[in-house]
Amino acid sequence: MEKIRIGQLGIGHNHGEGKMLAFRKHPELFEVVGFAEEDAAWLERRGNLPCYAGLPRLSVPELLRRCDAVAVESAVPELTQWAQICVDAGKHIHLDKPGSGTLEEFGRMLNTAKTKRLVVQMGYMYRYNPAILRLMEQIKAGELGEIYSIHAEMSTYHSAEYRRWLSAFQGGIQYILGSHLVDLIVYLLGEPKKVTSFLKHTQFENVDVADNNLSVLEYEKALARIFVSSVEVNGWGRRQFVVSGSKGTVSILPMENPIQMTYSSIEFADKPYEDIKRSIPIADIPKDCRYDDMVRDFYAYVMGTKENPFSYAHDYSVQKVLLEMVSCDAKP
């Protein structure tokens, strides 16, 4: 089986360790040539992680010379600029999320990749959530009918240190975690006609950051609501994606570890004051296997055996909507 030579550019992204472990877990698909990191602070903090054991640290030019594809895992503010360097060099990229820089810069990177017929796979892991995939099948089969409502939450109880890190981003936690939900909603409904956000700074523990946020995406008939908090106790247990349509409602709550998924059909609509739903058994994915299907798909995209269902235009729309969502927050 032909292998793809891949390297990791940057180790500053919070998902970088997990991605490297996933690529190294599949030696039949990938030859990991090494990693590049120019920031001494990140090298001190993460350079000795077990996922990088035995791998050479290379300069960026050397990394690009040695590989066919690059996993861009730099600190978030640098993601798009490094991605541009990679696609300029003719490399396929796995680009972690969310995109950075201006919308123009992000669009330029995507256009370069499209012109050169290079793969760009964004690191939105819920694209591979088994309950989300089952939901997509139900929607495609018409089981939900016309979608008129999506309610999505992705909260966590973060430490003060993490929230201080978030304060570097306009929109705080809505920018970092809300991006996952925007990705799914735009895939299902397209770009909204209007976006309204309520980005609140709780000031808990004297940290000034948008950590309690609600965004409403308006469509011709549908509404999508995205709530993301960085100060919600048991936020993990309430992460949810609920889609309601003219023929039924699917609820995914929690979204992972453990997944709980239900479907309520219109056939029981004559009992509006009863909780009638059917559990849908879904095999969960262990946290340390979260990215396995993602990297296998990346291999298939690069080899041309599978088409990426998330187009360049989709990724651009996600970034456009995300930046609009956080634009009302005071710039850090």
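The values are calculated or read from the model by the stated rules, or taken from the named source; none is laboratory data. None of these values were measured; they are calculated from a predicted model. We place every Cβ from the backbone using ideal geometry, glycine too, and count neighbours over all the protein chains shown. In case anyone asks, the SASA skips ligands and DNA or RNA and just uses the protein heavy atoms, side chains included. Shrake-Rupley method; radii C 1.70, N 1.55, O 1.52, S 1.80 Å.
Can you name the residue in segment 216-226 that is outside any loop (DSSP other than H, G, I, E, B) and not β-branched (V, I, T) and, of all such residues, is surrounded by the fewest Cβ atoms within 10 Å (Cβ to Cβ)?
The residue in question is E218.
Could you please give the count of residues in segment 240-290 that are assigned to a loop (DSSP other than H, G, I, E, B) and open to solvent by 20 Å² or more (accessible area, probe 1.4 Å)? If you could, list the steps in order and put the result at the bottom.
We begin by selecting, within segment 240-290, every residue assigned to a loop (DSSP other than H, G, I, E, B); these are 246-247, 253-260, 269-277, 280-286, 290.
From what is left, the residues that are open to solvent by 20 Å² or more (accessible area, probe 1.4 Å) are 246-247, 253, 257-260, 269-277, 281-286, 290.
Looking only at that region, the number is 23.
I'd like to check which strands (runs of 3 or more DSSP E) are fully inside segment 85-155 and have at least 2 residues that are open to solvent by 10 Å² or more (accessible area, probe 1.4 Å) and modelled with pLDDT of 95 or more.
147-153
Testing W165 on (1) farther than 30 Å from K200 by Cβ; (2) under 19 Å from the mean Cα position of the chain (by Cα); (3) open to solvent by 10 Å² or more (accessible area, probe 1.4 Å); (4) of a type in the set (A, V, I, L, M, F, W, C), one condition comes back false. Which one is that?
Only one criterion in (1) farther than 30 Å from K200 by Cβ; (2) under 19 Å from the mean Cα position of the chain (by Cα); (3) open to solvent by 10 Å² or more (accessible area, probe 1.4 Å); (4) of a type in the set (A, V, I, L, M, F, W, C) is unmet by W165, namely (1).
The rows are residues; the columns are (1) within 23 Å of Q84 (Cα to Cα); (2) modelled with pLDDT of 95 or more; (3) not in a helix (DSSP H, G or I).
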| site | (1), (2), (3) |
| --- | --- |
| G12 | yes, yes, yes |
| E17 | yes, yes, no |
| A22 | no, yes, no |
| H26 | no, yes, yes |
| V33 | yes, yes, yes |
| L64 | yes, yes, no |
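Only one of E38, E17 is among the acidic types (D, E), open to solvent by 60 Å² or more (accessible area, probe 1.4 Å), more than 20 Å from A300 (Cβ to Cβ) and in contact with a Cys (Cβ under 7 Å, 6 or more places away or on another chain). Can you tell me which?
E17
Condition (residue is within 28 Å of Q121 (Cβ to Cβ) and in contact with a strand residue (DSSP E or B) (Cβ under 7 Å, 6 or more places away or on another chain)) applied to segment 277-290: is it met by at least one residue?
Yes, that holds for at least one residue.
Based on what the data block shows, is V70 crowded, with 23+ Cβ neighbours inside 10 Å and touching a residue at least 40 places away in the same chain (Cβ under 8 Å)?
yes
Tally the residues that are surrounded by fewer than 20 Cβ atoms within 10 Å (Cβ to Cβ) and under 19 Å from the mean Cα position of the chain (by Cα), restricting the search to segment 174-215.
6
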